[in-house]
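A.B. asks: Structure below; questions to follow.
Values in this text are rule-based calculations from the coordinates and carry no lab data. Nothing here was measured: the structure is a model prediction, and the numbers come from that model. Here the Cβ is made from the backbone with ideal geometry for all residues, glycine too, and neighbour counts use every protein chain on show.
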Amino acid sequence: MPIHRNNHLLAYRRAGGDKQWLVVLNLRSEPQSFPIGEQGVHDRILLSTFLDRQDEEAYDPLELRGDEGEVVGNLIRNTDVINPSSADKLSDITGSYLGSCLKLPRSNCHER
């Protein structure tokens, strides 16, 4: 369910079972901020398309680098951290765009 969209950012929630994730995509090559405080409690960055922010604390506002997508959620246990090597399963959480971006060379992701 989309919760925010404009020409620069797309944010939506994904839910499965008792878990809920916030997916935020920066569609510009410049850094963008997204206020996550009103979206509920999202403690950790579980995955970034840059694959370098796994299990970081998520601060409000969420700062996204250019062309970055992030999955943010509550980390209940270490198994909740998304393993970037399992990109085939990411479409269950993020939808097809972010999951497929992780499988593409970086230059191809934002050209879709």
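A.B. asks: Please specify each residue of the stretch 49-67 satisfying the condition of being surrounded by fewer than 22 Cβ atoms within 10 Å (Cβ to Cβ) and within 19 Å of Arg5 (Cα to Cα). Let's see the steps before the verdict.
C.D. replies: Going residue by residue through the stretch 49-67, those that are surrounded by fewer than 22 Cβ atoms within 10 Å (Cβ to Cβ) are 50-57, 59-61, 63, 65-67.
Correct list: Asp60, Pro61, Glu63, Arg65, Gly66, Asp67.
A.B. asks: A further question follows. Within the stretch 1-65, considering only strands (runs of 3 or more DSSP E) that don't extend past its boundaries, which have at least 2 residues that are free of Cβ contacts under 8 Å to residues at least 24 places away in the same chain and among the aliphatic types (A, V, I, L, M)? Don't jump to the end; show me each part of the working.
C.D. replies: Details: elements: 2-5, 9-16, 19-26, 32-34, 44-48, 62-64.
Of the strands (runs of 3 or more DSSP E) lying wholly inside the stretch 1-65, those with at least 2 residues that are free of Cβ contacts under 8 Å to residues at least 24 places away in the same chain and among the aliphatic types (A, V, I, L, M) span 9-16.
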